[in-house]
Structure formats: C-alpha cells, structure tokens
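These notes are about the structure you will find just below.
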Amino acid sequence: MQLVEPRPSRPIPIRITPLIDVVFILLVFFMLTSRLLPVGYLELGNNTSKRNTVTGEPIPVLTVDVAGSVLWNQDTLSLNDAIKELTASGITEVNVGTQPDTGLGHFTRVLTGLDAKGIKTHWKRATEANP
C-alpha cells in the first residue's frame, strides 16, 4: 500500500501573474519616491555663506601641558594670562591641542575658560609626544 502519491512526470508550470504584479508594485513605488530633477538643479545642503573666503593669518595653536599651563608663541602662560593676551591681540578663534600626558581636567578647564570669554575653539588631542 502506497501512502504518497507519485510525483507527476511533467514539470509544474510557474505562474507569472503574481511576479508581474510584484514588479509593477515595485515600479510604482520607485516612481513615486524618486525625484527626476536635472543634476544642474540639485539642491545641496552646505551653507558656507558664513565662512570667510579671504585667506589671512593662520589660526593660533595653543597647547595645554601636563601642569595645566597654556603654551603659546614659545611662552608658558596661565589660562587667565593667555586669555588676556588673546583678547588684546584681537584673536577670536584658536586651535587647542594637548600634550599626550595632559589630564582631561586641565584640558576641560582651558576649553571652558576660552569658550566663556567668547573665543571659538577647535581641538584635537595629541596621540604622540610633542617635541
């Protein structure tokens, strides 16, 4: 006695109608979600109108040492003295770096002090020893 029916000898046809429906739905989806604008009219979100295009003096580099002092122009200054000299020089933007062994507390104190006086800071922590 056989419980399973024998397999038919001819191949089962694949019905194409559901596949065509899926392709049509995908086509409609991509047509509705894409924009067909010319490349010349492509709007970019990079507002650079606030940037100054005139090249001038380079931005000064301040280095925070292990003791928390600020190194600038070959001088070692306290944070308050550095802020006074920067303000007197009319500098409103600086790059702040650190020596590899500088503590996070010293770095944060200098960064906060400069920011509180309206001096814009850019920073990068050093990864190798400074000469």
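Its residues counted as N, the range 61-123 yields a C-alpha radius of gyration over 2.2 N^0.38 Å of 0.97. With protein chains left intact and a 1.4 Å probe, residues in the range 61-123 average 56 Å² of accessible area per residue.
Apolar share of the accessible surface for the range 61-123: 51 percent from carbon plus sulfur atoms, 1.4 Å probe.
For Val96, nonlocal amide neighbours, meaning residues 5 or more places apart or on other chains whose placed amide H falls under 5 Å from its own, are Leu62, His122, Trp123, Lys124. Here the Karplus relation 6.51 cos²θ - 1.76 cosθ + 1.60, evaluated at θ = phi - 60°, turns the backbone of the range 76-82 into coupling constants of 9, 10, 6, 4, 5, 5, 5 Hz, with x for every Gly and Pro.
The values are calculated or read from the model by the stated rules, or taken from the named source; none is laboratory data. Quantities reported herein were computed from a predicted structural model and do not represent experimental measurements. We work out accessible area using only protein heavy atoms, side chains counted, and drop any ligands, DNA or RNA first. Shrake-Rupley method; radii C 1.70, N 1.55, O 1.52, S 1.80 Å.
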